[in-house]
1. Condition (residue is surrounded by 23 or more Cβ atoms within 10 Å (Cβ to Cβ) and touching an Asp or Glu at 6+ places or on another chain (Cβ under 9 Å)) applied to the range 67-83: is it met by at least one residue?
2. For the list (1) in contact with a helix residue (DSSP H, G or I) (Cβ under 7 Å, 6 or more places away or on another chain); (2) over 24 Å from LEU157 (Cβ atoms); (3) of a type outside the set (Ser, Thr, Tyr), I need the number of the one condition that VAL86 fails.
3. Would you kindly identify the helices (runs of 4 or more DSSP H) lying entirely within the range 64-163 that contain at least 3 residues that are within 19 Å of PHE11 (Cβ to Cβ)?
4. Quick check on the range 26-60: of everything there that is over 14 Å from PHE11 (Cα atoms), assigned to a helix (DSSP H, G or I) and hydrophobic (A, V, I, L, M, F, W, C), which residue is farthest from the chain's Cα centre (by Cα)?
5. If TRP61 passes every condition in (1) open to solvent by 20 Å² or more (accessible area, probe 1.4 Å); (2) of a type outside the set (A, V, I, L, M); (3) touching a residue at least 60 places away in the same chain (Cβ under 8 Å) but one, which one does it miss?
6. Of all residues being within 18 Å of LEU174 (Cβ to Cβ) and of a type in the set (Val, Ile, Thr) in the range 14-42, which is least open to solvent (accessible area, probe 1.4 Å)? Just the residue, please.
7. Residue under question is ALA80, and the condition is that it be small (Gly, Ala, Ser), under 29 Å from VAL121 (Cα atoms) and either modelled with pLDDT under 95 or in contact with a helix residue (DSSP H, G or I) (Cβ under 8 Å, 6 or more places away or on another chain) (or both); does it hold?
8. Which is within 30 Å of TRP61 (Cβ to Cβ), open to solvent by less than 40 Å² (accessible area, probe 1.4 Å) and either in contact with a Ser or Thr (Cβ under 8 Å, 6 or more places away or on another chain) or at pLDDT 95 or above (or both), of LEU156, LEU183?
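The values are calculated or read from the model by the stated rules, or taken from the named source; none is laboratory data. On a predicted model such as this, the values are computed, not experimentally measured, just so you know. Glycine gets a Cβ as well: all are built from the backbone with ideal geometry, and neighbour counts include every protein chain shown. Just the protein is used for accessible areas: all its heavy atoms, side chains included, with ligands, DNA and RNA removed. Shrake-Rupley method; radii C 1.70, N 1.55, O 1.52, S 1.80 Å.
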Amino acid sequence: MTNTTRQWACFTIAPLCMTAYGVIRLTDSAHGPGVSWSLGHLALLASVSAFAPVMWRLRRWATAGRGLAAGLFAGFAAAAGLLGAVAATAQTVIDLAVGFLCADREAMDIMFDEVRSHPGVTPAVYTIGPLLFHVGLILPTVQLAAIRRIAVWRPLLVVAGIAVTAMSLDFLPLGGLLLLLALAPLERQRRLAIPDAAQG
């Protein structure tokens, strides 16, 4: 599998892993610790990791053949999204570690409070940081739709997928499927990515 093929596969892998995390989470009524907590967060970690090349790919599409302004806008979106991915990764790793170290949910809550008590951790890892992840998905798809390289319904589905998960984490499976519908078809339409047109 070439590097380009792996990047295209991420458009399917990332939302599928998010959906898997959401489904596993629904089976874990206590929300940790245990096997479901660990498996779910490993799926989430895989999802966040796979979304990073998706954001990079979207940036390339949005800047190909365009001017400086388009490049700056897409670059900002990609940078914000990657920072958000780092924040989401940090949060997921913390969740995994806390789940591994604690015997029950009460102990987990105590340890989470201790982690969040450190200055800067809450905004960086739990509030502002993860929001940047959404910026990295929404802005480039909106930009691509504005220049008619993708259909308008795609960014609408991205926004819908993010919105339903923001309403409740119980809607994560639905959010993941909406992102899958918005992004996965793009891997079969390489003609949309001008930098890859010569590669077929």
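1. So the first thing to find is which residues in the range 67-83 are surrounded by 23 or more Cβ atoms within 10 Å (Cβ to Cβ), and the list is 74, 77-78, 81.
Right, trim to touching an Asp or Glu at 6+ places or on another chain (Cβ under 9 Å) and you get none.
Within the range 67-83 (the criterion being surrounded by 23 or more Cβ atoms within 10 Å (Cβ to Cβ) and touching an Asp or Glu at 6+ places or on another chain (Cβ under 9 Å)), the answer is no, since none of the residues qualifies.
2. (1)
3. Helices (runs of 4 or more DSSP H) meeting the threshold: 68-101, 128-146.
4. The qualifying residue farthest from the chain's Cα centre (by Cα) is VAL35.
5. The one condition TRP61 does not meet is (1).
6. From the range 14-42, those within 18 Å of LEU174 (Cβ to Cβ) are 14-28, 40; that's our starting set.
Applying the additional criterion that residues be of a type in the set (Val, Ile, Thr) yields 19, 23-24, 27.
Details: THR19: 19, VAL23: 74, ILE24: 44, THR27: 97 Å².
Looking at the filtered set, the residue picked out is THR19.
7. Details: small (Gly, Ala, Ser): yes; under 29 Å from VAL121 (Cα atoms): yes; either modelled with pLDDT under 95 or in contact with a helix residue (DSSP H, G or I) (Cβ under 8 Å, 6 or more places away or on another chain) (or both): yes.
Considered against the rule, which asks whether it is small (Gly, Ala, Ser), under 29 Å from VAL121 (Cα atoms) and either modelled with pLDDT under 95 or in contact with a helix residue (DSSP H, G or I) (Cβ under 8 Å, 6 or more places away or on another chain) (or both), ALA80 comes out as yes.
8. Details: LEU156 fails: open to solvent by less than 40 Å² (accessible area, probe 1.4 Å).
Matching residue, one of LEU156, LEU183: LEU183.
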